[in-house]
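The values are calculated or read from the model by the stated rules, or taken from the named source; none is laboratory data. Just so it is clear, the structure is predicted and the values come from calculations on it, not from any experiment. Cβ coordinates were reconstructed from backbone atoms using ideal geometry, including for glycine residues, and neighbour counts include every protein chain displayed.
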Amino acid sequence: MGERQEVLISSQADWHKFLAEGDTPSATSASEPRPRCPFILVPLQGESPLTGHWVPVFCSDKERLADIGLRSIDVNDDEPAPAPTTEPSARERRATDWKYVPPSESLWDWARAQQVQEYHDNRGYLVEAARSDTTGHAEMCYFSWTKPGVTRGPHEHRRQTDCFLFLGPAHVWLWDDRPESSSYGCRTKYFISTDGGNCPPFRIIVPPGVVHAYRAAGLGYLQVINCPDRLYAGWQKAEPVDEIRHEDDPHTPFIPW
């Protein structure tokens, strides 16, 4: 195996050159999925019967050796890779694998987004944050203020539906991570901007399983009202929090752009 620590295989020619130099990678199972070029071959480390054997690691995923490093090796460019039997989960997707869909397309019928009407009179104006006949049942309501340029999320809920009312300029990102959805694997972005110096209120309803994030895009604090259909941490805050915090995962595929 020599003293090489890793070998880049970017073509079938690289593969034949590697074999001609006397290094034979280990193949643990012929039935495992075959990695496609390009990938990196590295000697497996640690206490294992396969320690020292060459294993493939995709170029941008060296840190995931434990997850994908023990697959068989095949670089036959003439034979297409076998189709996966199931859709990859969000954690198996790369950020670039998510298909961008403009928010105006009907594919996003589940993400109910709309400018909210303001009711003006000589005293000022008001906005309806939520209505059970329009936005659905609201179990609680809270206000948040986000510093300019700061991003909240991305995160998602297993059971909770959020009803956000944005009262200022913001970038809002959505990723559909629901396998049963017609837009599974798609992402979109809303830009809520000012109109002649005024930023009209904008509502976005986000169902469970849709990853979401937003960033304050103005010069001042962004005020957001949320009227979700579930209590945070349940009754008397005695239940687990229904929140998957992807922002805490350094390898998350959900990256605001």
> For segment 208-238, which residues satisfy the criterion of being touching a His at 6+ places or on another chain (Cβ under 6 Å) and within 17 Å of Gly136 (Cα to Cα)?
Replying inline: Pro208, Asp229
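Mind listing whichever residues of segment 194-208 are modelled with pLDDT of 90 or more and either buried (at least 21 other Cβ atoms within 10 Å of the Cβ) or part of a strand (DSSP E or B) (or both)? Quick ask: steps written out before the conclusion?
So the first thing to find is which residues in segment 194-208 are modelled with pLDDT of 90 or more, and the list is 201-208.
Across segment 194-208, the qualifying residues are Phe202, Arg203, Ile204, Ile205, Val206.
Identify the residue in segment 210-228 that is in a loop (DSSP other than H, G, I, E, B) and buried (at least 21 other Cβ atoms within 10 Å of the Cβ) and, among all such residues, is farthest from the chain's Cα centre (by Cα). Spell out how you get there, then give the answer.
At the first step, the residues of segment 210-228 found to be in a loop (DSSP other than H, G, I, E, B) are 217-221, 227-228.
From the residues that got through so far, the ones that are buried (at least 21 other Cβ atoms within 10 Å of the Cβ) too are 227-228.
Numbers: Cys227: 23, Pro228: 21 Å.
It comes out as Cys227.
At pLDDT 90 or above and more than 26 Å from the chain's Cα centre (by Cα): which single residue out of Glu128, Glu156 fits that description?
Values: Glu156 fails: more than 26 Å from the chain's Cα centre (by Cα).
Answer to the check: Glu128.
A quick yes/no check of all residues on (1) without any contact (Cβ under 8 Å) to a residue 24 or more places away in the chain; (2) not assigned by TED's automatic domain parsing to the domain that holds Leu165:
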site: Tyr221; (1), (2): no, no
site: Arg230; (1), (2): no, no
site: Ala233; (1), (2): yes, no
site: Gln236; (1), (2): yes, no
site: Glu243; (1), (2): no, no
site: Ile255; (1), (2): no, yes
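Could you list, in sequence order, the residues of segment 177-224 that are among the aliphatic types (A, V, I, L, M) and under 18 Å from Arg245 (Cα atoms)? Can you show your working first?
Quick first cut of segment 177-224, residues among the aliphatic types (A, V, I, L, M) only: 192, 204-206, 210-211, 213, 216-217, 219, 222, 224.
Once the filter is applied, which keeps residues that are among the aliphatic types (A, V, I, L, M) and under 18 Å from Arg245 (Cα atoms), segment 177-224 yields Val206, Val210, Val211, Ala213.
Filtering segment 229-257 down to residues that are within 18 Å of the chain's Cα centre (by Cα) and of a type in the set (Val, Ile, Thr), which residue is modelled with the highest pLDDT?
Narrowing segment 229-257 to residues within 18 Å of the chain's Cα centre (by Cα): 242-257.
Now narrow it down to the ones that are of a type in the set (Val, Ile, Thr): 244, 252, 255.
Values: Ile244: 93, Thr252: 90, Ile255: 90.
Once the filter is applied, the top-ranked residue is Ile244.
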